[in-house]
Amino acid sequence: MAGFRYSFKAGEFASALFQKSELIAAAATGAVTEAGTIAKNRGRADIASAGFSKGWQNALRLEIYPKQKNSSKSRNSINAAAHIFHRVGYAGVFESGDTISGKPLLWLPLKSTPQRIGRSKMTPAAYVKSIGPLVTIQRPGQAPLLAGQIAINRRGQTTPGKVTLSALRRGNSGKASKLVPLFVGIPKAKMPDKFSIREITVNAASQLGSLYMKHLKVD
């Protein structure tokens, strides 16, 4: 009768199993990281195509979990996960569209109004804080306006072209000035959907199977 005997070293099986699990964890983390990077890059391109600034594009971020202790870097894990998010809290409005109501009015800058003050968006509050007071202009049957003081020359004329922050600041410094409309008040505004980040993310996630095999390093 034939027979055989198997002998092994203590810890040999556990070591082999650990090595394989490390390969699997590395493949899983690599696949999730690449899928997340695809979604982030395509999402930023989608935001750019909607006409948003570089700052809005770069505000779409990717984080891979789990993190290493005391580090922002991820560590290999079979349960790796990607978190894609936008740093602007209300960015989701442009994903699904929404209606924003005023309290009681939304004050929107006119096309001729400077769109920013420094790094901040132009709003009535930002204007009052940085430049000076605003005056309400009521128009029967039409939306009301908020106007600021703009500098004029000796002929009572403003500088040709768009309204500038420097002209508005001069108009509030005691120099000769006149009122210029800056904001229009409306009860509500419909925000159209402009982004497709969810669709892009789902598409990237559908590639996880092939990406896993790409990152699986088997000797």
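The values are calculated or read from the model by the stated rules, or taken from the named source; none is laboratory data. In this text the structure is predicted, and so the values were computed from the model without any measurement. Surface areas here come from the heavy atoms of the whole protein model, side chains and all, with no ligands, DNA or RNA. Shrake-Rupley method; radii C 1.70, N 1.55, O 1.52, S 1.80 Å.
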Taking placed amide H atoms and a strict 5 Å upper bound, the residues 5 or more places from S177 or on another chain that come that close are I152
With 0.36 nm assigned to each residue of separation and the Cα-Cα distance removed, T123 to Q138 gains 3.5 nm
Using a 1.4 Å probe on heavy atoms of the protein chains only, the accessible area for R198 in Å², nearest 10, reads 150
dims of the chain, Cα set, principal axes, largest to smallest, nearest Å -> 118, 34, 29
Any helix of the chain counts here only if DSSP assigns it H throughout, its Cα atoms span 30 Å or more along the axis, and its mean Kyte-Doolittle hydropathy is at least -0.5, and such helices are 12-49
Here the relative contact order (percent) of the chain, from C-alpha pairs under 8 Å and at least 6 apart, is 28
Computed, not fitted: 222 nm per-residue ellipticity of the chain from DSSP H runs ≥ 4 (each -39500 (n - 2.57)), nearest 500, equal to -11000 deg cm²/dmol
